[in-house]
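Participant: My questions all concern the structure below.
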Amino acid sequence: MDNKEELLKSLSECVVEMEDDKIISTAEEYIKSGYPAIEGILYGLVDGMNKAADLYENEEYFIPELLICSDAMYNGLDVLRPHLGKSDYKQKTKVVIGVVEGDTHDIGKNLVKIMLETAGYELIDLGRNVPAVAFIDSVKNTGASVVALATLMSTSTDNMKEVIDLLNREGLRENVKVVVGGGPISAAFAKQIGADGYAASAVEAVKLINRLIGV
Amino acid sequence: MQDQMTPAQRAAAIANGSEVDRLPCNPNIANGVARVYGCKISEFNHNPKVIAEAQMAAYRKFGCDGLRIFTDLFPWAEAMGATVAYPDDDTADLLKPAIFSVEDIDKLHPANPYKDGRLPVQLEAMKYLKDLAKDEITCSAGIVGAFTNAFFLFSTNKTLKFIHKNPEAVHKLCRVSLETCKAYAKAALDIGLNPTISEPMSSCTVVSPKVFREFSLPYLKELVDFIKSYGSNPVVHICGQTNKIWQDVVELGIGGISIDNVASLKECKLAVGSQTKIMGNVDPGGIMYSGTPQDVRTKTLEGILDAYDSPKGYVIMSGCSLPVETPFENIQAMMDTVREVGYPVCPERVREMIQSSK
């Protein structure tokens, strides 16, 4: 194995092993050796985050572990990103994400955000307890093509429908894919309120949006 | 259909193995009692009499086997310095944790339940409730466990990461939380209510069983032992999936374990039913809030069939606190189904009832 491959492996391992300090020097060494930043991101950091997500799906990792893995990934990203070439910047699909009004639980939403960023999406995070109209304003202002709605509370599911109704009323619905997720939500519910899809986990959310966007 | 016994008589009879009129059932109405009583939820923040009367109103309407003073998850963190938002007519929510830097952990003090935040309001509510409930129904005092409270003192995300990055800090947060929990539990016991412990952050949906055993279980044990030393035996509720930690929790020698709808009642019965009473677990969102009375009936019957023969007893319950706007007819459907099944439970008849209700 040559030095580049070893460093890529080490970047990936730093993410999986929650080495959020060590990854900084590893990423610096990778750049100093003159290897392309884009490959460090894709075959190092993203590879590690995907492995961490697998461990999460298999119940070997839980939320604390996944959060630290993502810290490591972002720390590595901070080192590599300034070294990206112009051609590495492709137009990213923008996703507006938020927990709908009436609910303030955001651990699940944060995991979805991390996994979507890992997969190369640009996230606009509106936070928690977000009024329906704020999603619409954000779509207008950013030109986002995906809206991701989360809730853990069955009482706030009505507000997901309101977001879709507002998108319809504003004539924005055709250009925007709406995905929903969270404890009380089901695929049947998503269909019932006219959403484009439902995902049961953060990893599934990435697959769902990839499918809807056609990548 | 009328109950033939009071909840207190029913509980006593079950405890000594006598005949009863039906299985105990606690829909876990929570702040929805405001809808029964006709008050705003924000009144629970300052008016102890209203808390107690609203609980009593729910009991009178539905005949549920359990009343609890427990308005939200945050009075203990609030009493230690956290900031809580009080929506006009919804459940209180954590706005800001008590501290923002790890150095400030040492500045945290255990709360004084007679003085700090809304804790005195809750204690007053317990006295009113005790007077109203007399010997008809035993009342409990809800409390969050030390591990869960730790997250409200120092931001959830940061505390989650500290589990690996600064375990000593998490232990410190748990330790000071535990002192608050004990002081509050003691105050409730002095009034004559039995503490029940909710530990949502201990869920296998959030942290691994290994993390639970290292950071939550020791404090849970200390709190349970403390409560038991006063002759009361707390029920423990943990949200989400919990199958991998049932054994740990039950080995504390608790009065019962209450499980959420994502866990399996049948599996729970087989695993720990011979050691403690099991309670659960109709889906509070998908069925109780969003379903029809028919859905509630079916799920209640399925739960009964899964767990009626649990060796140490079974209480039909929702998987977690009900959403505030849960339709009354769904709560009524749960109670009526349990009454119709009666006692002793005849599994063939329950199966027939499930068949005919489909």
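The values are calculated or read from the model by the stated rules, or taken from the named source; none is laboratory data. The shown structure was predicted, so the numbers you read here are calculated from the model rather than taken from an experiment. Glycine gets a Cβ as well: all are built from the backbone with ideal geometry, and neighbour counts include every protein chain shown.
Participant: Would you check if there is a residue in the stretch A:167-178 being crowded, with 20+ Cβ neighbours inside 10 Å and either within 14 Å of chain B (Cβ to nearest Cβ) or touching a Lys or Arg at 6+ places or on another chain (Cβ under 9 Å) (or both)?
Facilitator: Within the stretch A:167-178, one or more residues are crowded, with 20+ Cβ neighbours inside 10 Å and either within 14 Å of chain B (Cβ to nearest Cβ) or touching a Lys or Arg at 6+ places or on another chain (Cβ under 9 Å) (or both).
Participant: I'm trying to understand the selection: among the residues of the stretch B:57-88, which are more than 13 Å from chain A (Cβ to nearest Cβ) and either closer than 30 Å to B:Glu168 by Cα or in contact with a Gly (Cβ under 6 Å, 6 or more places away or on another chain) (or both)?
Facilitator: Correct list: B:Arg68, B:Phe70, B:Pro75, B:Trp76, B:Ala77, B:Glu78, B:Ala79, B:Met80, B:Gly81, B:Ala82, B:Thr83.
Participant: Are there any strands (runs of 3 or more DSSP E) wholly within the stretch B:89-208 with 2 or more residues that are within 14 Å of chain A (Cβ to nearest Cβ), and if so which?
Facilitator: Fully inside the stretch B:89-208 and qualifying: B:93-96.
Participant: In addition: For the stretch A:73-109, how many residues are not acidic (Asp, Glu) and not in a helix (DSSP H, G or I)?
Facilitator: Within the stretch A:73-109, residues that are not acidic (Asp, Glu) and not in a helix (DSSP H, G or I) number 17.
Participant: Scan the stretch B:303-317 and tell me whether some residue there is in a helix (DSSP H, G or I), touching a helix residue (DSSP H, G or I) at 6+ places or on another chain (Cβ under 7 Å) and among the polar types (S, T, N, Q).
Facilitator: Taking every residue of the stretch B:303-317 in turn, none turns out to be in a helix (DSSP H, G or I), touching a helix residue (DSSP H, G or I) at 6+ places or on another chain (Cβ under 7 Å) and among the polar types (S, T, N, Q).
Participant: Only residues that are closer than 18 Å to B:Asn261 by Cβ, of a type in the set (Val, Ile, Thr) and within 20 Å of the chain's Cα centre (by Cα): list them for the stretch A:148-203, please.
Facilitator: Once the filter is applied, which keeps residues that are closer than 18 Å to B:Asn261 by Cβ, of a type in the set (Val, Ile, Thr) and within 20 Å of the chain's Cα centre (by Cα), the stretch A:148-203 yields A:Thr151, A:Ile185.
Participant: If a residue must be assigned to a helix (DSSP H, G or I), modelled with pLDDT under 95 and surrounded by fewer than 21 Cβ atoms within 10 Å (Cβ to Cβ), how many such residues does the stretch B:239-295 contain?
Facilitator: Within the stretch B:239-295, residues that are assigned to a helix (DSSP H, G or I), modelled with pLDDT under 95 and surrounded by fewer than 21 Cβ atoms within 10 Å (Cβ to Cβ) number 1.
Participant: Among (1) in contact (Cβ under 8 Å) with a residue 24 or more places away in the chain; (2) out of contact with any strand residue (DSSP E or B) (no Cβ under 6 Å at 6 or more places or on another chain), where does A:Ala148 come up short?
Facilitator: Here A:Ala148 clears every test but (2).
Participant: In addition: How many residues does the stretch A:71-108 contain that are within 10 Å of chain B (Cβ to nearest Cβ) and either touching a Gly at 6+ places or on another chain (Cβ under 9 Å) or at pLDDT 90 or above (or both)?
Facilitator: Adding up the residues that qualify gives 5.
Matching residues to (1) within 29 Å of B:Pro87 (Cα to Cα); (2) part of a loop (DSSP other than H, G, I, E, B); (3) basic (Lys, Arg); (4) touching a residue at least 60 places away in the same chain (Cβ under 8 Å):
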{"site": "A:Leu111", "(1), (2), (3), (4)": "yes, no, no, yes"}
{"site": "A:Ile114", "(1), (2), (3), (4)": "no, no, no, yes"}
{"site": "A:Val133", "(1), (2), (3), (4)": "yes, no, no, no"}
{"site": "A:Ala144", "(1), (2), (3), (4)": "no, yes, no, no"}
{"site": "A:Asp165", "(1), (2), (3), (4)": "yes, no, no, no"}
{"site": "A:Gly171", "(1), (2), (3), (4)": "no, yes, no, no"}
{"site": "A:Lys191", "(1), (2), (3), (4)": "no, no, yes, no"}
{"site": "A:Glu204", "(1), (2), (3), (4)": "no, no, no, no"}
{"site": "A:Asn210", "(1), (2), (3), (4)": "no, no, no, yes"}
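Participant: If we scan the stretch A:113-126, do we find a residue that is on the phi < 0 side of the Ramachandran plot and surrounded by fewer than 17 Cβ atoms within 10 Å (Cβ to Cβ)?
Facilitator: yes
Participant: Please tell me if A:Arg128 is without any contact (Cβ under 8 Å) to a residue 60 or more places away in the chain, part of a helix (DSSP H, G or I) and not β-branched (Val, Ile, Thr).
Facilitator: In short, no.
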